Amino acid sequence: MKLHLTFSAICLALLINVTSYAGDKGFKPLFDGKTLNGWVQHGGKAKYDVVDSTIVGTSVPKTPNSFLCTDKMYGDFELEVDFKVDPLLNSGIQIRSNVHDDDRTIEYTDANGKEAKKKIPAGRVHGYQVEIDPSDRAWSGGIYDEGRRGWLNDLSKNKAAQKAFKQNEWNHYRIVCKGDSIKTWINGVPAADLKDSLTPKGFIALQVHGVGNHPEKVGKQVSWKNIKIKELK
């Protein structure tokens, strides 16, 4: 009986490993777990460090939003990442985002179907952001258009996604971009489902939100780990 249990345990372990490998097929790490190679910071001066195979962002006073950006651009992809955020901070994960050395003007159709324009200053990171929101509003997983149009798909009508966020714990995002479709899941629960074609390609970035002159928010942290991506064809 003892031998039978040992053999069963071995079989179960092998099955789990095979399933995990199959589930990760096609995924590549965006973070090597040791350095910030392949990433570059834009925007504010928040601190980014590698601690125990985790990227840790720490807020600093009197600086705008900070973004740690991949040096590679991505269009259609599936992204998975684990994150944990201090309840006093706001953060997000940029996808299909950009920054330019000169001023740019974008043209788009607003929510009322009217043609509109917006100037993007030089050095301003802009693009789709998957929100990390530990406030009572709980819109983590919603899609905000950073530096451009504001909220595109909040979670005000998605109570299941709001309840899925775990305060002071690790949370998991799955983000799928394919053509004009952007979908998100938080801890396995469907969150945002957006159709938008303004930006088909850009970098991925980890945001530490500016905290202004609020001393209680200075030194607070947001962390990311297990960052992996699968490019879609």
Tell me the label-point distance for the pair Arg104, Asn37, using the 7 Å Cα-to-Cβ offset, in nm and rounded to one decimal.
2.9 nm
Taking the stretch 58-130, the equivalent ellipsoid from its C-alpha gyration tensor has semi-axes in Å, biggest first, of 25, 17, 15
J(HN,Hα) series, the stretch 192-206, from Karplus relation 6.51 cos²θ - 1.76 cosθ + 1.60, nearest Hz, glycine and proline x
8, 9, 10, 10, 7, 10, 4, 10, x, 7, x, 8, 10, 9, 10
Heavy-atom accessible area per residue of the chain, all protein chains kept, 1.4 Å probe, expressed in Å², is 54 Å²
Applying 1/(1 + (r/R0)^6) with R0 = 22 Å to the Cβ-Cβ distance of Asp71 and Lys163, what FRET efficiency is obtained, to the nearest 0.05?
0.05
Please get the size of the charge dipole for the stretch 117-196, origin at its Cα centre, with Cβ charges of +1 on Lys and Arg and -1 on Asp and Glu, quoted in debye to the nearest 20.
280 debye
Report, ordered by chain and residue number, the lysines lying within cross-link reach of Lys217, taken as a straight Cα distance under 25 Å and ignoring same-chain residues fewer than 8 apart.
Lys45, Lys47, Lys62, Lys84, Lys163, Lys166, Lys225
Semi-axes (Å, rounded, descending) of the ellipsoid equivalent to the stretch 75-191 per its C-alpha gyration tensor are 26, 15, 14
Mean projected area (nm²) of the alpha-carbon convex hull when the stretch 25-83 is viewed from all directions:
4.9 nm²
For the chain, what's the relative contact order in percent, using C-alpha pairs closer than 8 Å and at least 6 residues apart?
31 percent
Within the accessible area of the stretch 106-150 (1.4 Å probe), percent carbon and sulfur:
43 percent
Rg/Rh for the chain, where both radii come from Cα atoms and Rh is the Kirkwood radius
1.02
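The values are calculated or read from the model by the stated rules, or taken from the named source; none is laboratory data. Source: prediction; values computed, not measured. Positions of Cβ are generated from backbone atoms using ideal geometry, with glycine treated the same way; all protein chains shown enter the neighbour counts. Areas reflect the complete protein model, heavy atoms only, side chains present, ligands, DNA and RNA absent. Shrake-Rupley method; radii C 1.70, N 1.55, O 1.52, S 1.80 Å.
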